[in-house]
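Chemist: I have a structure here, written as structure tokens, and I will follow up with some questions on it.
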Amino acid sequence: MAEGDVWPDPPQPCGIIAGTQSLALTNPTSWLTSLFHMIPGPNDGTVALEETKLGASFEADRIQLNLPHTTMASAAEVAPLVVDFLMHGRFQTLGEAQHF
């Protein structure tokens, strides 16, 4: 683990899936962060979209979904995107997903 609040650089370019649903019943953290405007800009109720950026040399592709932080891993639309990325090194646009 890196020291302080800096994460180490990934060993190879990554695919980033970021959520943009800032308020959700399934995410109690989002209740406070939304009420008190604690996260600037688009966010998933826990992480700001800006915080997901690694820099061009570390990002193979990035996509945003209208999902809250707490349901991202179990959302039906995420698994096919992960498979596409692992097989092809990029995401296929799926439904309301947007490359950014």
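Chemist: What accessible area per residue, rounded to a whole number of Å², is obtained for the chain using a probe radius of 1.4 Å?
Modeler: Roughly 66 Å² per residue, with all protein chains present.
Chemist: Between Phe36 and Glu59, what FRET efficiency comes out of the Förster formula 1/(1 + (r/R0)^6) with R0 = 22 Å and r the beta carbon distance, rounded to 0.05?
Modeler: The formula returns an efficiency of 0.10 here.
Chemist: To continue, here is another question. Kindly provide the trypsin sites (Lys or Arg not before Pro) of the range 19-95 that DSSP labels as loop, not H, G, I, E or B, and whose Cβ sees at most 16 other Cβ atoms within 10 Å.
Modeler: Filter output for the range 19-95: Lys53, Arg90.
Chemist: Next question, about the same structure. Once the other residues with Cβ under 15 Å from the Cβ of Arg62 are scored (Lys, Arg +1; Asp, Glu -1), what is the net sum?
Modeler: Around Arg62, the surrounding residues sum to -4.
Chemist: Now, a different point. Given R₀ = 35 Å, what would the calculated FRET efficiency be for Gln92 paired with Leu25, taking r from the Cβ atoms and rounding to 0.05?
Modeler: Once the sixth-power term is evaluated, E becomes 0.75.
Chemist: Could you work out what % of the accessible surface of the chain is carbon and sulfur, using a 1.4 angstrom probe and leaving DNA, RNA and ligands out of the count?
Modeler: 61 percent
Chemist: Another question, if that's okay. For the chain, which longest stretch is free of loop sites, where a loop site is one of the GluC sites (Glu not before Pro) that DSSP puts outside H, G, I, E and B and that has at most 16 other Cβ atoms within 10 Å?
Modeler: After excluding every exposed loop site, the longest remaining stretch is 4-76.
Chemist: Going by a ≥ b ≥ c, the root eigenvalues of the Cα gyration tensor, does the chain fall in the rounded group (a/c under 1.5), the prolate group (a/b larger than b/c) or the oblate group?
Modeler: Taking the square roots of the gyration eigenvalues as a ≥ b ≥ c, the chain is oblate.
Chemist: Loop only by DSSP, 16 or fewer other Cβ within 10 Å of the Cβ. Give me the chymotrypsin sites (Phe, Trp or Tyr not before Pro) in the range 7-71 that pass, ordered by residue number.
Modeler: Of the chymotrypsin sites (Phe, Trp or Tyr not before Pro), the ones in loops of the range 7-71 whose Cβ has at most 16 other Cβ atoms within 10 Å are Phe36.
The values are calculated or read from the model by the stated rules, or taken from the named source; none is laboratory data. Small disclaimer: the values here were computed from a predicted structure and weren't measured. Cβ: placed from backbone, ideal geometry, glycine included. Neighbour counts: every protein chain shown. The accessibility values were calculated without ligands, DNA or RNA, using every heavy atom of the protein model including side chains. Shrake-Rupley method; radii C 1.70, N 1.55, O 1.52, S 1.80 Å.
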